Amino acid sequence: MAGKTLYDKLWDLHVVSQRDDGSALVYIDRHIIHEVTSPQAFEGLRLAKRKPWRVDSVVATPDHNVPTTRAERASGIAGIADPTSKIQVQTLDDNCEALGILEFKINDQRQGIVHVVGPESGACLPGMTIVCGDSHTSTNGALGALSIGIGTSEVEHVLATQCLVAKKMKNMLVRVDGELGLGVTPKDVVLAIIGKIGTAGGTGYAIEFGGDVFKAMTMEGRLTVCNMAIEAGARAGMVAVDATTLNYVKNKTFAPKGEAWDMAVAQWRHLHSDSDAKFDEVVVLNGALIEPQVSWGTSPEMVLPIHGVVPNPANEADEVKKAGIERALKYMGLKAEQAICDIRIDRVFIGSCTNSRIEDMRAAAAVVKGRQKATSVKEAIVVPGSGLVKQQAEAEGLDKIFVAAGFEWREPGCSMCLAMNADRLNDGEHCASTSNRNFEGRQGYGGRTHLVSPAMAAAAGIAGHFIDVRTMGEV
Amino acid sequence: MRAFTQHTGLVGPIDRANVDTDLIIPKQFLKSIKRSGFGPNAFDELRYLDEGSPEKPNDGRPLNPQFPLNFERYQGASILLTRKNFGCGSSREHAPWALDEYGFRAIIAPSFADIFFNNCFKNGILPIVLPDDIVEQLFAEMYAQEGYRLTVDLERQVVVKPSGEALAFEVDEFRKHCLLNGFDEIGVTLRDADKITAYEQARKKTAPWLFNFGA
Ligand code: SF4
């Protein structure tokens, strides 16, 4: 019999019952909640007069709607100008209070983007099944966990039953061999993967990221990569547990301590694919060939190395793809065969659950240090992923570096990643963004998003257009 | 949940691949704490010429005359015909809520994104996967024939064309079962409450750290 993959092991560990119809009841260890996808689930519970199964598995924090300027945040919920946003954040507080759910409220030091808060607090741990009503829940898989995004009906289902009804996915291994070049980051790796397999390449699969590049990658880098597994179509992305994982988890607030820690580690050590495990699909990339990436279109698969040129629809034989390229060029205001380096930008956004951890802040700060934002760039905002990231960054003086370079230093939240708060692009503006989606209108009506790494976003903010950060000298 | 058994309706197109859920219902409408009210803003950025907002009444907003679902001939469409990877991106269930309220009961495409696919079933909408060439054919027939209608029969797992030709599709047994019966899935799961409790008890012994969160 072939060995098991990491996903097989995590799945087997959590099956409560296998049903005849091919579905299974899967136990959920941790449920993370934010304000946007939960109100209707709580309402559903109330209407059906149901109680949550296990309140102590849930942790909540508001992130999508919270304002990010200090002035607005100073007065907490009262400082949210938009009345509908305010109601949504208040509703989360009310629901959590009524049911006794642990919540990191708007001005709690531990508040932040759900997918940043989970790992950094130790609420998310190796070996867990984790869900959240948010597609980027795949992020937590970096810890060696099975972590998937769910819809609101499923949020209600998990609240009421502690289980999810699911069918096992297929196994895919994405292996990146070799070593990354200097200035090439985890964000570039995942964009290159999506460029290769496409936004539907991982549909129906759980992706395990393996190979030398991931073995050498920091935990924060792995979180960035797993975050975007969903952009490759996979509900779950994951990385095997190793010493990097254990060092990261150790001493986190909610991580087990003492004897429980030893007991946990003894189990977590098995959380890797067996050497004879069988994958349904294997994709291999050479890490040494990956260059800094920039997305040019309106889907994350429309991505190119920094020295690339925008495609010409005339060269595309497939009619649906051709129409897609034409539509993207029009929306993005780009010409066929235009060089990526010639795209001028209006705004910079450094943040989101993809790239708002301390290493991201450091990477961006290293590029802007001693330099000045281009005057043609209207605004460059840096939004840490959580209160704790912000605190750490400030302790290292990163905020001062950003401000001295003409970048704004903000309060934690999703911010311009999806523009549910006041941070957004104007019609037609180009943005160098460290977020994960370049969909039409995502960052504001008519806004044009280019997905890049924090270092590349910072570099674009300095140059006023995309530039290979590796050519900027000492970074 | 509303059951789905059989449905006959007018077919309307979104003729593009990779339609994401941001496009189906833009973020500014997600601030609602209700499950309803999203229909008039389904495909907001494609459908109207101006920017929509939850505060703005939709009556009288300028419609985009280029957007097919605004064409006279597709008014009242209840079966959406579209391209690969429909519903990719955000997990927002507001997307199926919006489509449902718009009037769509079934969606036909060569492939769907996983989370969206799942969310449809929870809301009584049937997403149907048909092979690329068949979808292509349906597009051609729909464009050629005004008032093109299809019948979707979940029990038999077929889409029936006006010619009477039946196109078979796959659907998971458990999803079919729930949809046909309009089951409350939570109720179904809770029938296994004993098993869940037994699992929990066993896990408490082997992995106690999972059970004292926040303590
Ligand atoms: S940062 Fe963006 S992608 Fe991440 S949870 Fe917030 S809105 Fe979603």
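Any idea what the alpha-carbon Rg over 2.2 N^0.38 Å comes to for the protein assembly as shown?
For the protein assembly as shown, the normalised Cα radius of gyration comes out at 0.91.
Just need the relative contact order of chain B here, percent rounded to a whole number, with Cα pairs under 8 Å and 6+ apart.
Over chain B, the number comes to 25 percent.
Is it possible to state the helix-based mean residue ellipticity at 222 nm for chain A, with each DSSP H run of 4+ residues giving -39500 (n - 2.57), the sum divided by total residues, to the nearest 500 deg cm²/dmol? What is it?
It comes out at -9000 deg cm²/dmol, rounded to the nearest 500.
So, in Å, what gap is there between the alpha-carbon centers of segment B:171-207 and segment A:240-258?
Comparing the Cα centres of segment B:171-207 and segment A:240-258, I get a distance of 31 Å.
Residue by residue through A:58-70, how many Cβ atoms from other chains fall within 10 Å of the Cβ on average?
Neighbouring Cβ atoms belonging to other protein chains average 1 per residue here.
Consider a paramagnetic label point 7 Å from the Cα of B:K34 along Cα→Cβ; state which residues of segment B:50-76 have an amide N under 17 Å from it.
Counting only backbone N, you get B:53-59.
In segment A:175-211, which residues give up 30 Å² or more of accessible area once the other protein chains are added, compared with their chain alone (1.4 Å probe)?
So the qualifying set is A:T199, A:A200, A:T203.
When Lys and Arg each count +1 and Asp and Glu each count -1, what net charge do the other residues less than 15 Å away from A:P256, Cβ to Cβ, add up to?
Cβ neighbours under 15 Å give a net charge of +4.
Once you list every other residue whose beta carbon is under 10 Å from the beta carbon of A:M416, what net charge do they have if Lys and Arg are +1 and Asp and Glu are -1?
Residues near A:M416 contribute +2 overall.
Before we go on, tell me the buried accessible area for the A/B pair, both chains summed, 1.4 Å probe, in Å² to the nearest 100.
6000
With the convex hull built on the Cα atoms of segment A:331-475, state its orientation-averaged projected area in nm².
Result: a mean projected hull area of 7.8 nm².
Taking the Cβ of B:P208 as the center, what net charge do the other residues with Cβ under 13 Å away carry, scoring Lys and Arg +1 and Asp and Glu -1?
-1
Rounded to the nearest 5, what % of DSSP beta bridges with both residues in chain A are antiparallel?
Given both bridge residues lie in chain A, the antiparallel proportion sits at roughly 25 percent.
Provide the per residue accessible area, probe 1.4 Å, for chain B, rounded to a whole number of square angstrom.
Accessible area per residue: 39 Å².
Can you tell me, using C-alpha contacts under 8 Å and at least 6 residues apart, the relative contact order of chain A as a whole percent?
Relative contact order of chain A: 17 percent.
Working out 0.36 nm times the residue gap between B:A166 and B:E200, then minus their Cα-Cα distance, what length gain in nm do you get to one decimal?
7.6 nm
How many angstrom lie between the Cα centre of segment B:32-64 and the Cα centre of segment A:113-180?
Measuring centre to centre over Cα atoms gives 32 Å.
Rolling a 1.4 Å sphere over the protein heavy atoms, what is the accessible area per residue of chain A, to the nearest Å²?
Value returned for chain A: 33 Å² of accessible area per residue.
Counting alpha carbon pairs within less than 8 Å and at least 6 residues apart, what relative contact order, in whole percent, applies to segment A:293-471?
Relative CO of segment A:293-471 lands at 29 percent.
Tell me the label-point distance for the pair A:N315, A:A339, using the 7 Å Cα-to-Cβ offset, in nm and rounded to one decimal.
1.6
Using a loss threshold of 50 Å², tell me which positions in segment B:8-45 are less accessible in the complex than in their chain alone. Probe radius 1.4 Å, ligands and nucleic acids ignored.
B:R16, B:D22, B:K27, B:K31, B:I33, B:R35, B:E45
So what's the Cα pair-distance distribution over segment B:1-137, bin width 5 Å, in %?
In whole percents, the pair-distance histogram is 2, 10, 20, 25, 22, 14, 5, 1, 0.
First compute the accessible area of segment A:170-289 with a 1.4 Å probe, then give the percent of it belonging to carbon and sulfur atoms.
Carbon plus sulfur share of accessible area: 52 percent.
What FRET efficiency do you get for A:D276 and B:N58 if R0 is 51 Å and r is their Cβ-Cβ distance, rounded to the nearest 0.05?
With R0 = 51 Å, the Cβ-Cβ based efficiency is 0.30.
May I ask you to list the GluC sites (Glu not before Pro) in segment B:6-87 that are in a DSSP loop and have at most 12 other Cβ atoms within 10 Å of their Cβ?
For GluC sites (Glu not before Pro) across segment B:6-87 that sit outside H, G, I, E and B with at most 12 neighbouring Cβ atoms in 10 Å, the list reads B:E55.
P(r) tail for segment A:182-307, what percent of Cα pairs lie past 22 Å?
Beyond 22 Å sits 42 percent of the P(r) for segment A:182-307.
Share of antiparallel DSSP beta bridges in segment A:6-166, in percent to the nearest 5?
Around 35 percent antiparallel, to the nearest 5.
Hey, how much of the P(r) for segment A:94-192 falls beyond 18 Å, as a percent of Cα pairs?
Everything past 18 Å amounts to 61 percent.
Largest first and in whole Å, give the semi-axes of segment B:16-92's equivalent ellipsoid, each being the square root of 5 times a Cα gyration tensor eigenvalue.
Semi-axis lengths for segment B:16-92 are 19, 18, 11 Å.
Testing the spin-label approximation: label points 7 Å from Cα along Cα→Cβ at A:K51 and B:Q6. State their distance in nm.
In this crude spin-label approximation the distance works out to 4.6 nm.
The values are calculated or read from the model by the stated rules, or taken from the named source; none is laboratory data. Because the structure is a prediction, the values reported are computed rather than measured. In this analysis, Cβ positions are derived from the backbone assuming ideal geometry, glycine residues included, and neighbour counts consider all displayed protein chains. Heavy atoms of the whole protein, side chains included, go into the accessibility calculation; ligands, DNA and RNA do not. Shrake-Rupley method; radii C 1.70, N 1.55, O 1.52, S 1.80 Å.
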